[in-house]
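The values are calculated or read from the model by the stated rules, or taken from the named source; none is laboratory data. Bear in mind that the values here come from a model prediction, so they are computed numbers and not experimental data. A quick note on method: Cβ atoms are made from the backbone with ideal geometry, for glycine too, and the neighbour counts reach across all protein chains shown.
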Amino acid sequence: MAWGSLLLAGLFEMLGVVMINKLHKDKNWQSLVMLILSFGVSFLFLAFAMNSIAMGTAYAIWTGIGASGGAIVGMYLYGESKDWKRVLFIGMVLSAAIGLKLIS
């Protein structure tokens, strides 16, 4: 259950990052509300996960999902660079998160 909560926390973190971009472009109150809700739900799921998962592991995986996911969303939805080096390092971040899961 804790690992599922951590995954959901990371997904809401990704949504929050997308909403930052949307708020920057649209500057409306709906985007601001979605931004606040996304990060709020992300923090709640992270806090729940940290009841069972060590803080360092949970935080590293949460930020890895958020950072990698945000970069991937940026590549596919916003036309950001898909350079092989960028993809390689995103893969390294995801590999590190998986490695932390395996040893925890």
Inset, instruction - Check R86 against each of (1) modelled with pLDDT of 95 or more; (2) over 16 Å from the mean Cα position of the chain (by Cα); (3) farther than 17 Å from L7 by Cα and name the one condition it does not meet. - result: (1)
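So which of G66, G16 is touching a residue at least 24 places away in the same chain (Cβ under 8 Å), of a type outside the set (A, V, I, L, M, F, W, C) and touching an Asp or Glu at 6+ places or on another chain (Cβ under 7 Å)?
After applying the criteria, what remains is G66.
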Legend entry - Residue list for the stretch 45-62, filter: β-branched (V, I, T) and free of Cβ contacts under 8 Å to residues at least 12 places away in the same chain: none
Legend entry - Residue that is nearest to L7 (Cα to Cα), among those in the stretch 89-104 that are at pLDDT 90 or above and not aliphatic (A, V, I, L, M): S95
Legend entry - Qualifying positions in the stretch 61-94 - surrounded by fewer than 18 Cβ atoms within 10 Å (Cβ to Cβ), within 17 Å of M14 (Cα to Cα) and of a type in the set (F, W, Y): Y76, Y78
Legend entry - Residue, farthest from the chain's Cα centre (by Cα), within the stretch 27-57, restricted to residues that are among the small types (G, A, S) and surrounded by 14 or more Cβ atoms within 10 Å (Cβ to Cβ): S31
